Amino acid sequence: MKLLEQQPAPWDLAEPMLATADAMAVGSGRRPQASLWADWAELCKVRLNGLVLCSVAVGFLCGSAWQGKVAWGGLGWALLGTALLAAGASVLNQYLERDLDALMTRTRQRPLPAGRVRPATALQVGVVLALLGLLVLVIGTAPLAALLGAGTLAIYLGAYTPLKTRTTLNTLVGAVAGAMPPLIGWSAATGTLESPAWSLFFIQFLWQFPHFWAIAWLYREDYARAGMQMVPVLDPSGRMTGRLLVNHCLVLVPASFGPVLMGLSGTWYLAAAVAVAAMFLLSAWWFLLRPQPGRARLVLWASLIYLPVLFLALIGDGAWVAITAVNS
């Protein structure tokens, strides 16, 4: 799922160092168990897919509040199914991109290009995880949730991944896949997709552009080396990227008002939305004034703050209040 596939978070900028014991085990020809687990955690993108699960939970809780009832067991199944599906998608994405990853400094030490995991093994595990995830969504939630999950997988692997080296429009396609988790959560709770669900989709859809362009500008030389077609690769000065960042942050402001207009939340959410939108916009404007790596990282940090705060405010001011009232 593109939302997390494309984001080397600030804490992932440096490659982890092997502990002394692990290094000794590697030198002796034995595969340390800790390194094996670490490789598979990296292939499944365990940490980064946490945001995907948060988005699913937000969609589920908002959908539950909208229909006036909540099934906590359904939330568990939705999270489990999506976790398996996202892990499978991450493994399969790295399987497909293993040759490109070998060309980039940031990714050449990943398990597949580094030769620590065999491609055939990754392919098999990725397929099994993805199929299990879809099966869990079908059995534990609703057919529509599984259908949306399958669609996300198809867009992510079948369209976004191959388009990365062909057109800059890959970001647009990938953003569609990355915005699907709230819809999966909503449909898992309700079995349908009402109009308020799409307000969550559009927020997450628009959020991904400034988030990813900040990352792509930081790693533009790496992406260029691998032949990735990204706007920041064509813009070494950062001026075009800066204008795009500002414009998309501006569009994100009215989009974030959607949940209020749809009746999902109230004034507290609105206040939080204005505050984090201003923070995000200011970071983009700061980058536009003087494109520098430090300012691009500031945009990245602002994006990582924006979405969680917005969704927490949405739950606290709208969905959670409604759910509590239903259960009281």
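Side notes on the structure shown:
- Count of residues meeting criterion [under 16 Å from Q292 (Cα atoms) and either buried (at least 21 other Cβ atoms within 10 Å of the Cβ) or not charged (D, E, K, R) (or both)] in segment 235-260: 9
- Boolean, V128 is out of contact with any Pro (no Cβ under 6 Å at 6 or more places or on another chain), modelled with pLDDT of 95 or more and hydrophobic (A, V, I, L, M, F, W, C): yes
- Cβ pairs under 8 Å, 6+ apart, first in segment 41-52 and free of Cβ contacts under 8 Å to residues at least 60 places away in the same chain, second buried (at least 16 other Cβ atoms within 10 Å of the Cβ) and in a loop (DSSP other than H, G, I, E, B): L48/Q7; N49/M1
- Flag for S303 being farther than 30 Å from P162 by Cα, surrounded by 15 or more Cβ atoms within 10 Å (Cβ to Cβ), touching a residue at least 12 places away in the same chain (Cβ under 8 Å) and not aromatic (F, W, Y): no
- Residue check for L135: under 26 Å from F212 (Cβ atoms) and either of a type in the set (A, V, I, L, M, F, W, C) or surrounded by fewer than 19 Cβ atoms within 10 Å (Cβ to Cβ) (or both): no
- In the set A21, A65, A25, A34, only one residue is of a type in the set (A, V, I, L, M, F, W, C), surrounded by fewer than 21 Cβ atoms within 10 Å (Cβ to Cβ), assigned to a helix (DSSP H, G or I) and at pLDDT 60 or above; that residue is A34.
- Residues satisfying the stated conditions in segment 125-168, i.e. more than 15 Å from R98 (Cα to Cα) and among the polar types (S, T, N, Q): T141, T152, T167, T168
- For the criterion of being of a type in the set (V, I, T), in contact with a Pro (Cβ under 7 Å, 6 or more places away or on another chain), modelled with pLDDT of 85 or more and more than 27 Å from I305 (Cα to Cα), V117 passes.
- All helices (runs of 4 or more DSSP H) inside segment 96-185 with 2 or more residues being of a type in the set (V, I, T) and touching a helix residue (DSSP H, G or I) at 6+ places or on another chain (Cβ under 8 Å): 119-140, 170-178
- Being aromatic (F, W, Y), more than 22 Å from A57 (Cα to Cα), touching a residue at least 24 places away in the same chain (Cβ under 8 Å) and touching a Cys at 6+ places or on another chain (Cβ under 9 Å) is not true of W213.
- Test: L157 is at pLDDT 95 or above and either surrounded by fewer than 23 Cβ atoms within 10 Å (Cβ to Cβ) or at positive phi (or both): yes
The values are calculated or read from the model by the stated rules, or taken from the named source; none is laboratory data. In this text, all values refer to a predicted model and were calculated from it rather than measured experimentally. Neighbour counts are summed over all protein chains in view; Cβ atoms, including those assigned to glycine, are modelled from backbone coordinates with ideal geometry.
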